[in-house]
Amino acid sequence: MPELRLRPMTSDDRYEVAELIYSSINVWYQTHGGPAIFQGGPSVTEVFYDVYNDVSPGGSVVAENPASGRLMGSCFYHPRKHHVSLGIMTVHPNYFGRGAGGAMLRHIINYTDEHGYKSLRLTQSALNVGSFSLYNKAGFVPRYSYQDMFVNVPEAGGGWNVDGQDRVRDATLDDVPAMAELEMAVSGIAREQDYRYCIENRLGFWHVSVIESPGGSIEGFMISSGHAAMNLLGPCVTTTEQAAAALIVHELNQYRGRTPVFLIPMDKENLARQMYDIGARNCEMHFCQVRGKFKPFDGVNMPSFLPETG
């Protein structure tokens, strides 16, 4: 293994990190029989630096080859009130299996422990056995499983009829405290700065909606990203499967003519069935992995990757 040096990511790394993310993830999927995840060149993956640097300034680390000064790997992490969330971790294909991923992971585990956080959480592909082993050996436990689904949304909109759609509306900044209270009750965490960031939508590709109960309280919310690199629905937190279905359909119709991806909890049979009924298909599987304290979900929790969720 070549020597490596860990250091904080800087703004000078932005373009190289984008190239690293673009090439490493595409190479991994293509060498394992899948398609390239990203299209259009590395400029599309600059969004990861932009978003993660906005929501968690300083929450990043790179592994550098001291001999060349080139990056071997990069990782983002996000300290929140109740946990640390481990974001996208990538290693350059030239250094797969050479220890860069493990070194960055140890750095983030040490940060989590030294700052008194009770849990470190991530969403990890169930197809990547190598990364599963890396996390599992470091003390992460798979707590929840998801099926990744996608829908080809017609140009004219889906025209789907799902109970509860009439109670879905765009979120406002006034909803942030209720969103945090809801996620705390359902998932045991809260991320107020993330909700606020997405509702403010300074980058122009976020959309956030909430669903109200018949009594007017918020029983669910969904954030979605319409960026070219990541057209994803989520994170989403709701009290019921039906509320989740209404939010999904509402958000799908924000992306007409596109093919958004979203992660359905595998134990939510009724929700999955409704998604099949509107034409959803499966494309991958993921695990919610947690090192440390975990509160079982009491409702529906749908993760995403931009920003990474707990």
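Note on the stretch 111-133: residues that are farther than 16 Å from G292 by Cα, assigned to a helix (DSSP H, G or I) and in contact (Cβ under 8 Å) with a residue 12 or more places away in the chain total 3. Pairing residues of the stretch 70-82 that are assigned to a loop (DSSP other than H, G, I, E, B) with residues that are of a type in the set (V, I, T) and at pLDDT below 95, at Cβ distances under 7 Å and at least 6 apart in sequence or on separate chains, gives R80/I189; H82/I189. The sole residue among Y146, Y111 that is of a type in the set (F, W, Y), at pLDDT 95 or above and crowded, with 19+ Cβ neighbours inside 10 Å is Y146.
I'd like the full set of residues that are over 22 Å from C288 (Cα atoms) and in contact with a helix residue (DSSP H, G or I) (Cβ under 7 Å, 6 or more places away or on another chain), limited to the stretch 62-84. Selection gives V62, A63, L71, M72, G73. Condition test on F297, is it crowded, with 24+ Cβ neighbours inside 10 Å and closer than 30 Å to A138 by Cα? The answer is no for F297.
Among the candidates D166, D194, the residue that is assigned by TED's automatic domain parsing to the domain that holds F297 and crowded, with 21+ Cβ neighbours inside 10 Å is uniquely D194. The listed residues are S43, S23, and the only one of them that is touching a Ser or Thr at 6+ places or on another chain (Cβ under 9 Å), closer than 29 Å to F150 by Cβ, small (G, A, S) and outside any loop (DSSP other than H, G, I, E, B) turns out to be S23. The set of residues in the stretch 107-151 being aromatic (F, W, Y) and closer than 23 Å to P265 by Cα consists of F132, Y135, F140, Y144, Y146, F150.
This table checks each residue for (1) polar (S, T, N, Q); (2) touching a strand residue (DSSP E or B) at 6+ places or on another chain (Cβ under 7 Å).
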residue: L173; (1), (2): no, no
residue: M179; (1), (2): no, yes
residue: V186; (1), (2): no, yes
residue: I189; (1), (2): no, no
residue: I199; (1), (2): no, yes
residue: L203; (1), (2): no, no
residue: S209; (1), (2): yes, yes
residue: M230; (1), (2): no, yes
residue: E251; (1), (2): no, yes
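Residues being in contact with a His (Cβ under 8 Å, 6 or more places away or on another chain), free of Cβ contacts under 8 Å to residues at least 60 places away in the same chain and either under 16 Å from D166 (Cβ atoms) or not β-branched (V, I, T) (or both) are represented in the stretch 229-252 by at least one member. In summary, V55 fulfils each of the numbered conditions (1) under 18 Å from G99 (Cα atoms); (2) surrounded by 19 or more Cβ atoms within 10 Å (Cβ to Cβ) with the single exception of condition (1).
Rundown of residues vs (1) within 30 Å of A185 (Cα to Cα); (2) of a type in the set (A, V, I, L, M, F, W, C); (3) in contact with a strand residue (DSSP E or B) (Cβ under 8 Å, 6 or more places away or on another chain); (4) in a helix (DSSP H, G or I), yes/no style:
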residue: D13; (1), (2), (3), (4): no, no, yes, yes
residue: A18; (1), (2), (3), (4): no, yes, no, yes
residue: V51; (1), (2), (3), (4): yes, yes, no, yes
residue: V61; (1), (2), (3), (4): no, yes, yes, no
residue: A67; (1), (2), (3), (4): no, yes, no, no
residue: M89; (1), (2), (3), (4): yes, yes, yes, no
residue: L105; (1), (2), (3), (4): yes, yes, yes, yes
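Inspect all residues belonging to the stretch 153-162 and state whether any of them is part of a strand (DSSP E or B), touching a Leu at 6+ places or on another chain (Cβ under 6 Å) and among the aliphatic types (A, V, I, L, M). Checked against the condition, which is being part of a strand (DSSP E or B), touching a Leu at 6+ places or on another chain (Cβ under 6 Å) and among the aliphatic types (A, V, I, L, M), the stretch 153-162 yields no hits at all.
Taken together, the criteria place V141 among residues that are in contact (Cβ under 8 Å) with a residue 12 or more places away in the chain and not assigned by TED's automatic domain parsing to the domain that holds R14.
The values are calculated or read from the model by the stated rules, or taken from the named source; none is laboratory data. Note that the structure is a prediction, hence the values are computed from the model and not measured. Ideal geometry is used to build each Cβ from the backbone, glycine not excepted, and the neighbour counts take in all protein chains shown.
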